[in-house]
Amino acid sequence: MHLFLSIAPYLFIALIGAALGSFYRALGDRILYYFYGKGRKEEVKEKGTKQEGGAIRRTMPASKRWKLLFTHPSSCPHCGGRISISRLIPVIGWFIAGGRCEHSEHSKHCGERISVWHPITEALFAALGVFFLHYSQNAVAALILLLFCGHLLVAMVTDWNRLTLDYENTAVLLLLSVISVYLHEGYSSMPMRLAAGFGVLGFFFVSYIVTKGRQPGFGDILLGAVLGFHHGFPWLLLPLQIGAAGSLLHLWLINRNMRSSAPLGFYMAVGSVVTMVVTTVLASMLL
């Protein structure tokens, strides 16, 4: 009984982490679909047009897109079919479906492969939840860090696929960062954190002017400033260095064109997660 009580919080946070990993991955995909892809437009019937009585496509109202972002049932990215509940179980659901689309018992599924990154992401979030809870011994602090990582995941998904970073998502990252810093350090470190954030903002903005808006993108500038605030000096250098190195390798190995654009925000977000893990372990070793 004592053993169960000691591991129960970790099992619970692991389940929460896996569920959040699934949710944020789906959220990133939905943002791409409803705000940058085919989901931006909808078919409507309008009179007085060349297609009298027929359907035309027009941009969907933003309010409706925001609603669908959180209420649309999970569906196959290939055929759009609704995914059955058993297939939505984090990590396990992917294996139950055999890594393929099986969205409903009552409708034909397309059978296309679903990326293995879905269960990997969910498992990583479960591990991060256990990690944050173990080192912080504070369930609220661990949850805030998981939410922060979730919004970093949204940034990764959008930047990797469309080289874009949502300002709304970056604003939520800033809010979560402020809460996290307050929970860990109180108000005392806020001035230095602000100085670090504005330092990154200034550095990136100068680079933006020098390159005439080519590098980095404005979304990258804002994300870099938030990460500067979140990690503080000198640790802010780690996500920036990982971001720069990752972008260069991306241009060299993936794009094979050093003059093209790279998802800097994606690699900075990865660097931020790495930095949180490293700093948490080092802090525990120094205590």
The condition from (1) in contact with a helix residue (DSSP H, G or I) (Cβ under 8 Å, 6 or more places away or on another chain); (2) more than 27 Å from Ala283 (Cα to Cα); (3) modelled with pLDDT of 95 or more that Leu128 misses is numbered (2)
If you go through segment 183-202 one residue at a time, do you hit one that is surrounded by fewer than 21 Cβ atoms within 10 Å (Cβ to Cβ), touching a residue at least 60 places away in the same chain (Cβ under 8 Å), touching a helix residue (DSSP H, G or I) at 6+ places or on another chain (Cβ under 8 Å) and hydroxyl-bearing (Ser, Thr, Tyr)?
no
Quick count over segment 177-205, residues being among the aliphatic types (A, V, I, L, M) and under 19 Å from Pro263 (Cα atoms), is 2
Of those in segment 131-176 that are hydroxyl-bearing (Ser, Thr, Tyr) and closer than 22 Å to Arg30 by Cβ, the residue surrounded by the fewest Cβ atoms within 10 Å (Cβ to Cβ) is Tyr167
Checked segment 186-204 for anything closer than 18 Å to Trp235 by Cα and not in a helix (DSSP H, G or I); matches are Ser188, Ser189
The number of residues in segment 253-275 that are aliphatic (A, V, I, L, M) and surrounded by 24 or more Cβ atoms within 10 Å (Cβ to Cβ) is 4
Counting only residues in segment 249-272 that are farther than 16 Å from Thr158 by Cβ and at pLDDT 95 or above, the one farthest from the chain's Cα centre (by Cα) is identified as Leu249
Among the residues of segment 68-86, is there at least one that is farther than 20 Å from Ile31 by Cα, modelled with pLDDT of 85 or more and either touching a helix residue (DSSP H, G or I) at 6+ places or on another chain (Cβ under 9 Å) or of a type in the set (Phe, Trp, Tyr) (or both)?
no
All conditions in (1) assigned by TED's automatic domain parsing to the domain that holds Ala18; (2) loosely packed, with under 13 Cβ neighbours inside 10 Å; (3) modelled with pLDDT of 80 or more; (4) in contact with a strand residue (DSSP E or B) (Cβ under 8 Å, 6 or more places away or on another chain) are true of Ser63 except (4)
Taking segment 110-130 and keeping residues surrounded by fewer than 20 Cβ atoms within 10 Å (Cβ to Cβ) and either closer than 30 Å to Tyr182 by Cα or over 16 Å from the mean Cα position of the chain (by Cα) (or both) leaves Cys110, Gly111, Glu112, Arg113, Ser115, Val116, Ala123, Leu124, Ala127, Val130
ask   = Does Thr279 satisfy being polar (S, T, N, Q), modelled with pLDDT under 95 and assigned by TED's automatic domain parsing to the domain that holds Ser207?
value = yes
Restricting segment 71-80 to residues that are out of contact with any strand residue (DSSP E or B) (no Cβ under 6 Å at 6 or more places or on another chain) and free of Cβ contacts under 8 Å to residues at least 40 places away in the same chain, the one surrounded by the most Cβ atoms within 10 Å (Cβ to Cβ) turns out to be Cys76
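The values are calculated or read from the model by the stated rules, or taken from the named source; none is laboratory data. Everything numeric in this text was worked out from a predicted model, so none of it was measured. Neighbour counts run over all protein chains shown; Cβ positions are idealised from the backbone, glycine included.
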